[in-house]
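K.L.:
The structure's right below; bear with me while I get my questions together.
The values are calculated or read from the model by the stated rules, or taken from the named source; none is laboratory data. As the structure is a prediction and not an experimental result, all values here were calculated from the model. Positions of Cβ are backbone-derived with ideal geometry, glycine not excepted, and every protein chain shown enters the neighbour counts.
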Amino acid sequence: MGAGIVHVFLAAGSAVTLAEADADRARVGAANVEASLRKAEERGKLAEPAASLLARLSVVDDLGALPTDTALVVEAVPEKIELKLAVFTAVAARCPDAVLASNTSSLSIAELAKGLPGARVIGMHFFNPVPVQALVELVVHDGLPDRVVATARRWAEALGKTVIEVRDSPGFATSRLGVAVGLEAIRMLEERVASAEDIDTGMRLGYGWPMGPLRLTDLVGLDVRLSIADHLATRLGPRFNAPQLLRDKVARGELGRKSGQGFFTW
Ligand SMILES: NC(=O)c1ccc[n+]([C@@H]2O[C@H](COP(=O)([O-])OP(=O)(O)OC[C@H]3O[C@@H](n4cnc5c(N)ncnc54)[C@H](O)[C@@H]3O)[C@@H](O)[C@H]2O)c1
């Protein structure tokens, strides 16, 4: 998700700093951004050559190296609240004027904002693949100044995205509904109601979904979906309990597209 977010900001004309946790990951992150831009370039989707966009990209392996005048920080670290809080604490000290946006799929924005100086934490939820998906879900909580919401909306619209605004609540609008359907599809597979292919085809051709719920789970990542489901189960109750099949697949390393195997072979 981080690479996709960097891609769209570069394509919209911004100068971007990609921050990773260490030098190896920084190299992988930069390579992912480059691959994503080259693919878009081959398909004629970029207004500028990929090389000119890459000239506006800096890569650092330490949050302490972010430019202090950064206007917007979007974090896309794994879905663990301690990790996201640690990132925001470091960034808030380094970039005093930045709007701090989280790409979290489910965690409470108010909890991420707690203890940070200045009311400037907002949810800015992008969708996978970021350069293709047209939506940004802005997640707002009480006490967030209208000015911050308006700024985040302007940033998202400058990327060519359509914005929906959702009150801070577990899973917001999109993850709550999307995960509910995804978990039910996995339970149906466990109960041998139909094959993965047929469950997905049913939703595609019967309900007009562009992609079935199991293929979408593969695309998102089974580990990512499991973290979200576990969080939603603690906040919204047992209807979000993860099916055993999902836990087993994650334990076996079958994480979906990124590992080559999920509910489908990629
Ligand atoms: N996968 C999706 O389809 C999707 C969609 C929308 C939102 N999200 C959300 O985006 C976030 C990231 O998800 P992902 O699927 O891209 O996860 P991922 O595991 O693919 O990527 C996480 C990235 O964070 C980096 N990272 C880990 N610790 C770090 C640290 N301390 N400092 C800096 N970087 C660090 C990792 O190196 C990696 O590049 C999660 O909050 C997830 O819920 C994911």
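K.L.:
What residue, of Leu177, Leu183, is closer than 19 Å to Asn128 by Cβ, in contact (Cβ under 8 Å) with a residue 40 or more places away in the chain and either in a helix (DSSP H, G or I) or not aromatic (Phe, Trp, Tyr) (or both)? Write out each step before concluding.
P.N.:
On the way: Leu177 fails: in contact (Cβ under 8 Å) with a residue 40 or more places away in the chain.
Selected residue: Leu183, the only one of Leu177, Leu183 that is closer than 19 Å to Asn128 by Cβ, in contact (Cβ under 8 Å) with a residue 40 or more places away in the chain and either in a helix (DSSP H, G or I) or not aromatic (Phe, Trp, Tyr) (or both).
K.L.:
What do you reckon, is Gly237 of a type in the set (Gly, Ala, Ser) and either over 25 Å from Ile5 (Cβ atoms) or surrounded by fewer than 13 Cβ atoms within 10 Å (Cβ to Cβ) (or both)? Steps first, please.
P.N.:
Values: of a type in the set (Gly, Ala, Ser): yes; either over 25 Å from Ile5 (Cβ atoms) or surrounded by fewer than 13 Cβ atoms within 10 Å (Cβ to Cβ) (or both): yes.
For Gly237, the condition - of a type in the set (Gly, Ala, Ser) and either over 25 Å from Ile5 (Cβ atoms) or surrounded by fewer than 13 Cβ atoms within 10 Å (Cβ to Cβ) (or both) - is met.
K.L.:
Being over 23 Å from Asn128 (Cβ atoms), surrounded by 13 or more Cβ atoms within 10 Å (Cβ to Cβ) and away from the ligand (no atom under 16 Å from the Cβ) narrows it down to one residue among Glu48, Glu41; which is it?
P.N.:
Glu48
K.L.:
From the set of residues in region 93-107 that are crowded, with 19+ Cβ neighbours inside 10 Å and either away from the ligand (no atom under 11 Å from the Cβ) or outside the structural domain of Met124 (by TED's automatic domain parsing) (or both), which is farthest from Arg167 (Cα to Cα)? It would help to see each step written out before you state the result.
P.N.:
Going residue by residue through region 93-107, those that are crowded, with 19+ Cβ neighbours inside 10 Å are 95, 98-107.
If we keep only those that are either away from the ligand (no atom under 11 Å from the Cβ) or outside the structural domain of Met124 (by TED's automatic domain parsing) (or both) too, we end up with 95, 98-101.
Values: Cys95: 26, Ala98: 22, Val99: 18, Leu100: 17, Ala101: 15 Å.
Checked region 93-107; the qualifying residue farthest from Arg167 (Cα to Cα) is Cys95.
K.L.:
Condition test on Asp146, is it touching a residue at least 24 places away in the same chain (Cβ under 8 Å), more than 30 Å from Leu46 (Cα to Cα) and either away from the ligand (no atom under 14 Å from the Cβ) or polar (S, T, N, Q) (or both)?
P.N.:
Numbers: touching a residue at least 24 places away in the same chain (Cβ under 8 Å): no; more than 30 Å from Leu46 (Cα to Cα): yes; either away from the ligand (no atom under 14 Å from the Cβ) or polar (S, T, N, Q) (or both): yes.
So Asp146 does not fit the description; no.
K.L.:
Name the residues in region 235-258 that are on the phi > 0 side of the Ramachandran plot and touching a Gly at 6+ places or on another chain (Cβ under 9 Å), would you?
P.N.:
The first filter runs over region 235-258 and keeps only residues on the phi > 0 side of the Ramachandran plot, leaving 237, 253, 256.
Gly256 - this is the single residue of region 235-258 that is on the phi > 0 side of the Ramachandran plot and touching a Gly at 6+ places or on another chain (Cβ under 9 Å).
K.L.:
Just checking, does region 46-57 include any residue being farther than 19 Å from Glu20 by Cβ, free of Cβ contacts under 8 Å to residues at least 60 places away in the same chain and under 18 Å from the mean Cα position of the chain (by Cα)?
P.N.:
Checked against the condition, which is being farther than 19 Å from Glu20 by Cβ, free of Cβ contacts under 8 Å to residues at least 60 places away in the same chain and under 18 Å from the mean Cα position of the chain (by Cα), region 46-57 yields no hits at all.
K.L.:
Related question: (1) within 16 Å of the ligand (Cβ to nearest atom); (2) at pLDDT below 95; (3) hydrophobic (A, V, I, L, M, F, W, C): which one isn't true of Leu116, the others all being true?
P.N.:
Checking Leu116 against (1) within 16 Å of the ligand (Cβ to nearest atom); (2) at pLDDT below 95; (3) hydrophobic (A, V, I, L, M, F, W, C), the one that fails is (1).
K.L.:
Regarding Leu159, is this residue within 17 Å of Leu246 (Cα to Cα), among the aliphatic types (A, V, I, L, M) and either in contact with a Phe, Trp or Tyr (Cβ under 7 Å, 6 or more places away or on another chain) or crowded, with 17+ Cβ neighbours inside 10 Å (or both)? Full working, then the answer.
P.N.:
Numbers: within 17 Å of Leu246 (Cα to Cα): no; among the aliphatic types (A, V, I, L, M): yes; either in contact with a Phe, Trp or Tyr (Cβ under 7 Å, 6 or more places away or on another chain) or crowded, with 17+ Cβ neighbours inside 10 Å (or both): yes.
No.
K.L.:
Arg154 passes all but one of (1) without any contact (Cβ under 8 Å) to a residue 12 or more places away in the chain; (2) within 22 Å of Leu219 (Cβ to Cβ); which number fails?
P.N.:
All conditions pass for Arg154, except number (2).
K.L.:
Applying the selection to region 55-69, what residues are part of a loop (DSSP other than H, G, I, E, B) and either within 8 Å of the ligand (Cβ to nearest atom) or crowded, with 18+ Cβ neighbours inside 10 Å (or both)? Walk me through it before giving the result.
P.N.:
Looking only at region 55-69, we keep the residues that are part of a loop (DSSP other than H, G, I, E, B), and these are 55-56, 61-62, 66-69.
Hit for region 55-69 is Leu66, nothing else.
K.L.:
What's the number of the condition Leu116 fails, among (1) more than 21 Å from Arg239 (Cα to Cα); (2) part of a helix (DSSP H, G or I)?
P.N.:
(2)
K.L.:
Ok, one more. Six or more apart or on different chains, Cβ atoms under 7 Å: show the pairs whose first residue is in region 221-236 and without any contact (Cβ under 8 Å) to a residue 60 or more places away in the chain and whose second is among the polar types (S, T, N, Q).
P.N.:
Going by the 7 Å Cβ cut-off, the qualifying pairs are Arg225/Thr217; Ala233/Asn241.
K.L.:
Can you confirm whether Glu79 is modelled with pLDDT under 95, within 30 Å of Ser227 (Cα to Cα) and surrounded by 16 or more Cβ atoms within 10 Å (Cβ to Cβ)? Write out each step before concluding.
P.N.:
On the way: modelled with pLDDT under 95: yes; within 30 Å of Ser227 (Cα to Cα): yes; surrounded by 16 or more Cβ atoms within 10 Å (Cβ to Cβ): yes.
It is true that Glu79 is modelled with pLDDT under 95, within 30 Å of Ser227 (Cα to Cα) and surrounded by 16 or more Cβ atoms within 10 Å (Cβ to Cβ).
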